[in-house]
Amino acid sequence: MHTVVELQGVHKRFGSNTVLRGVSFQVARGEVVAIIGKSGSGKSTALRCINRLEQIDAGQISVCGHALHAAGLDLRGLRRDVGIVFQGYNLFPHLTVLQNITLGPTAVKRMPVGQAQTLAQQVLARVGLADKAEAYPEQLSGGQQQRVAIARSLALQPQLMLFDEVTSALDPELTGEVLKVMEQMASEGMTMILVTHEMAFARRVADQVIFMHQGQVWEQGGPEILDAPVTPELRSFVGTGL
Amino acid sequence: MSEEQLLSLLQGAWGTVLLSGLTLLLGGIAGLALALARVSALPPLRRLAAAWIQLIQGTPLLVLMGVCFYGPALAGVGTVEALPAAATAMLIYASAFLGEIWRGCIQSVHKSQWEAAECIGLSRWQRMRMIVLPQALRMATPPTVGFAVQVIKNTSVASLVIGFAELSYNAKVLNNSTFQPFLYFGSAALLYFAMCYPLSRWSRALERKLHAHRR
């Protein structure tokens, strides 16, 4: 088993508010991990620590061979290896879909523009939006914008993809089209960590489910833990029907 | 109005255009530098820029003009011509206001845009140049043009202290000898309008262009 992500005893505080209290878990290559839990349980923070949008206060994180706690971390190298998709899409509104996608490859990887455009067309086809290259983000539906955001990450050919509640702002129909793309990526062997409220999706696609509570990994295992929760907290969480 | 008098007004208008142009060009460059310093990752640079802006915004333009015109002579480093002195004072004045306007526009670009740009691996400068500044520019257009119009009209202060021959000054001189204030100040007002109105029009056109993605 080749480990892509490893967290060991990670602590994170925001001021006097401790958000993560000793979080540890591992993600193997090709694995899909769903992190679930109530709001404020620290799941999004844990995800953001993995590509160092947040710096941790104690513990160790290693991602795709980058030691995040080490001095001399190659931050841009880390960002090339790790893609992230956000709840709010965060596309660049002043750029077309095509420009949104080619920006990373051309500006970061120094790829020639023609080659980057070909690549962009390929990733757009993968998310089913080959015909939207010239549109501006605001002309697209939420589900389409989120798929463009996924395509933008894919264009950097990451080894690991992070998804931070990517369907929480979408209605059920649009959620379906985004989840379909994610399921496709999972079946192609992409290593994925997703913070999600989509229990059905976690059950079907995840290899590992991590239930977080009060800044800790409260319960962890295969998707079957959702059907047979051990802790009262997970039982009550699953029981709410979320 | 005689031909000579009209010519005098037009010469004054040229002085106004020249001083405004210099102010907006040089003040714009200094203002951009100040705005970037205000959002810099280096705290001392941020504080220095903030202090400069506070100081200048709290100083009347009239005083700045005086300092720039009489200051060098008082300090014993020689005299300054009217135009360079006026342009320097206006540049200092404009830099503080434009710097603060643009700082606000830069900071109003949502933090998530910075994050998204960071996550695709862009360097800090690339994020600023490719993602934040283009979006800030959109928001900056109306207040910037508004300030530019203020600059054009505030150039009249240059004649009060320095005696730089701009539009208001020449109108005043003409009125002093003819006692026809309505004619000369009215003509000056029309000329000011003729300078400011195209700016406002251009601003609207620019906004439309920058909002192309909303159509």
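Residue-level check: of (1) farther than 24 Å from residue B:133 by Cβ; (2) in a loop (DSSP other than H, G, I, E, B); (3) touching an Asp or Glu at 6+ places or on another chain (Cβ under 7 Å), residue A:143 misses just (2). You will find that of A:200, A:186, the residue that is more than 14 Å from chain B (Cβ to nearest Cβ), open to solvent by 10 Å² or more (accessible area, probe 1.4 Å) and closer than 21 Å to residue A:29 by Cβ is A:186 and no other. You will find that of A:16, A:24, A:39, the residue that is more than 9 Å from every other protein chain (Cβ to nearest Cβ), hydroxyl-bearing (Ser, Thr, Tyr) and touching a residue at least 12 places away in the same chain (Cβ under 8 Å) is A:24 and no other.
Annotation for the range B:128-143: no member residue is in contact with a Phe, Trp or Tyr (Cβ under 9 Å, 6 or more places away or on another chain), modelled with pLDDT of 90 or more and of a type in the set (D, E, K, R). I'd like to know if the range A:44-66 contains one or more residues that are surrounded by fewer than 23 Cβ atoms within 10 Å (Cβ to Cβ), away from chain B (no Cβ under 14 Å) and touching a residue at least 60 places away in the same chain (Cβ under 8 Å). No, every residue in the range A:44-66 fails to be surrounded by fewer than 23 Cβ atoms within 10 Å (Cβ to Cβ), away from chain B (no Cβ under 14 Å) and touching a residue at least 60 places away in the same chain (Cβ under 8 Å). Every residue in the range B:106-152 that is within 21 Å of residue A:108 (Cβ to Cβ), without any contact (Cβ under 8 Å) to a residue 60 or more places away in the chain, assigned to a helix (DSSP H, G or I) and of a type in the set (A, V, I, L, M, F, W, C), please. If the condition is that a residue be within 21 Å of residue A:108 (Cβ to Cβ), without any contact (Cβ under 8 Å) to a residue 60 or more places away in the chain, assigned to a helix (DSSP H, G or I) and of a type in the set (A, V, I, L, M, F, W, C), then B:114, B:116, B:117, B:119, B:125, B:130, B:131, B:132, B:133 are the ones that fit. Inclusion of residue B:174 among residues that are within 13 Å of chain A (Cβ to nearest Cβ) and either open to solvent by 40 Å² or more (accessible area, probe 1.4 Å) or touching a residue at least 40 places away in the same chain (Cβ under 8 Å) (or both) is not warranted.
For the range A:131-147, the count of residues that are of a type in the set (A, V, I, L, M, F, W, C), away from every other protein chain (no Cβ under 12 Å), over 16 Å from the mean Cα position of the chain (by Cα) and open to solvent by less than 20 Å² (accessible area, probe 1.4 Å) is at least one. When the range A:71-112 is filtered for residues that are more than 10 Å from chain B (Cβ to nearest Cβ) and in contact (Cβ under 8 Å) with a residue 12 or more places away in the chain, the ones remaining, listed by number, are A:73, A:97, A:98, A:102.
The values are calculated or read from the model by the stated rules, or taken from the named source; none is laboratory data. Predicted model only: the values in this text are computed from it and were never measured. Because the Cβ atoms are built from the backbone with ideal geometry, glycine has one as well, and the counts that use them run over all protein chains shown. For the accessible areas, the whole protein counts, side chains as well, though only heavy atoms, and no ligand, DNA or RNA atoms are used. Shrake-Rupley method; radii C 1.70, N 1.55, O 1.52, S 1.80 Å.
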